[in-house]
Amino acid sequence: MESPRINIKVIISLFCSYMLSSHYITALRPALAIKECEFPAIFNFGDSNSDTGGLAASIYPSPPPYGETYFHIPAGRISDGRLIIDFLAKNLGQPFLSAYLDSLGANFSHGANFATGSSTIRLPNRILPAPGGYSPFTLTIQYSQFLQLKNRSQLIRDRGGIFASLMPKEEYFSKALYTFDIGQNDLGEGFFANLTIQQVNASIPDIISSFSANIKKIYDLGGRSFWIHNTGPIGCLPYILANFPSQKDEAGCAKSHNEVAQQFNHNLKEATVQLRKDLRLAAITYVDVYSVKYSLYKEPKKYGFELPLVGCCGSGGKYNFNGRTLDCGRTVTVNGRQIFAGSCKRPYVKVNWDGIHYTEAAAKIVFDKISTGAFSDPPLPFKQACHRSLD
């Protein structure tokens with residue numbers, strides 16, 4: 001009986017079809033083909049958008065009603081509850097990050113948070129506690145604190161004792177996720193120093209250059225996975241709207257101020273592209289939080305929000321913000337009568353908490369959206385942020 005002939009052309013054709021099909025599926029849904037990362041620690045750098053207690057421990061503790069939604073007491077966060085960084089840590093199965101500056105009950109075994117409220121990338125002109133000042137803990141200082149932690153934590157672990165278990169293991173520093181959310185205050189400082197829009201725009205290249213320099217220094221210390229948030233729509237925040245009468249966009253936000261934020265983000269994204277070329281072993285993810293946050297102002301009803309440009313905790317006025325005389329949680333006496341800037345009854349329907357910062361409800365929506373990778377470059381979920389771009 002004659003053996004059936006094998007048609008080589010048919011086999012090759014079928015094989016090529018299979019390979020093309022597999023490549024096509026992977027190209028359409030790349031996240032399905034990539035393994036999730038195992039981040040044993042998170043090291044966060046930033047400002048009040050991700051501060052979990054640095055400013056409260058070092059300069060200004062937040063009074064009630066801060067923290068009322070989740071913690072039920074002030075918990076170092078400049079919000080009514082949890083921040084994006086809190087949801088990120090929880091999603092990785094990690095505890096909330098301890099602030100590096102908080103000496104009471106801190107646990108750095110799974111990372112540390114160097115962010116402080118009012119922090120900038122560059123050295124500000126006015127330093128807290130001066131009125132209108134900014135945090136002395138710039139990104140460069142935060143890097144120095146990270147260097148201290150990296151070196152001294154291993155000495156403590158080697159020495160043993162009760163504090164050894166509160167320090168990160170040496171191998172965690174190369175496997176950790178390094179997160180960044182900073183830059184908003186660099187723009188805000190320019191606005192409140194009465195610089196023109198053009199002058200603030202002109203300062204952006206130097207700000208971004210300083211940011212990149214710190215990323216490179218962390219890389220030189222072994223950091224490999226970087227998750228970098230761009231800055232949000234600053235022109236939608238009540239503290240800008242109440243202080244700078246300007247042309248409004250379709251969402252009611254200050255158009256020119258948002259354009260500055262967009263310019264900052266354009267430069268930041270270009271910088272991340274260059275950093276990928278310079279730091280060949282790094283996985284660098286640029287995250288567009290601006291677009292997600294702006295959607296909360298443009299389509300508030302879609303997310304269950306009301307009056308998105310009006311803060312929840314404040315002292316009245318069109319935007320419920322009067323930071324010059326009465327901040328959230330403070331009391332002043334006017335004509336013998338005490339006035340308290342308290343919280344609204346339903347913070348869960350508010351985008352903005354105190355005129356500058358977001359509510360827990362808004363932070364949760366932003367995290368849920370950015371964690372998928374839909375707003376990232378490269379477009380990978382944050383649990384895959386250890387994988388380098390193939391570009």
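Around Arg122, with a cut-off of 14 angstrom between Cβ atoms, what is the net charge of the other residues, counting Lys and Arg +1 and Asp and Glu -1? Charge balance in the 14 Å sphere: -3. At a Förster distance of 30 Å, what's the computed FRET efficiency of Arg337 paired with Ser256, Cβ-Cβ distance as r, to 0.05? About 0.20, to the nearest 0.05. May I ask which residue of Ile127, Leu281, Gly314 lies farthest towards the positive end of the charge dipole of the chain, with charges of +1 (Lys, Arg) and -1 (Asp, Glu) on Cβ and the Cα centre as origin? My answer, from the dipole projection, is Leu281. Kirkwood Rh over alpha-carbon pairs of segment 137-184, then Stokes-Einstein at 37 °C and 0.692 mPa s: what D in µm² s⁻¹, rounded to an integer? Calculated translational D: 271 µm²/s. Beta-bridge orientation, the chain: approximately 30 percent antiparallel, per DSSP, counting only bridges with both partners inside. Extending 7 Å from the Cα toward the beta-carbon at both Glu38 and Tyr60 defines two label points whose distance is 4.3 nm.
For the pair Ala202 and Lys169, label points projected 7 Å from Cα toward Cβ lie 5.3 nm apart.
Once the Cα atoms of helix 289-298 and of the chain are each reduced to a long axis, what angle between those two axes, in degrees from 0 to 90 to the nearest 10, is obtained? In the chain, helix 289-298 runs at an angle near 60 degrees to the longest axis. The local environment of Ser144, defined by Cβ-Cβ distances under 14 Å, has a net charge of +2 under the rule Lys, Arg +1 and Asp, Glu -1. The Cα-based radius of gyration and maximum Cα-Cα distance (Dmax) for the chain are 23.5, 112 Å.
Within the shell defined by Cβ-Cβ distances under 15 Å, the residues around Gly329 carry a net charge of -2, with Lys and Arg each +1 and Asp and Glu each -1.
Averaging Cα coordinates gives a centre for segment 33-83 and one for segment 294-325; these two points are 21 Å apart. Rounded to the nearest 20, the Cβ-based charge dipole of segment 142-267 about its Cα centre (Lys and Arg +1, Asp and Glu -1) stands at 580 debye.
Note that the chain presents 48 Å² accessible area per residue, ligands and nucleic acids not counted, probe 1.4 Å. Modelled label positions at Tyr70 and Thr372, each set 7 Å beyond Cα in the direction of Cβ, lie 2.1 nm from each other. Dividing the mean sequence gap of close Cα pairs (under 8 Å, 6+ apart) by how many residues segment 202-339 holds gives a relative contact order of 26 percent.
Here the accessible area of the chain is 55 percent carbon and sulfur, with a 1.4 angstrom probe and all protein chains present.
The values are calculated or read from the model by the stated rules, or taken from the named source; none is laboratory data. Computed from a predicted structure; not experimentally measured. Heads up, the Cβs are rebuilt from the backbone with ideal geometry, glycines too, and the neighbour counts pull from every protein chain shown. Calculation scope for accessible area: heavy atoms of the full protein, side chains included, ligands and nucleic acids excluded. Shrake-Rupley method; radii C 1.70, N 1.55, O 1.52, S 1.80 Å.
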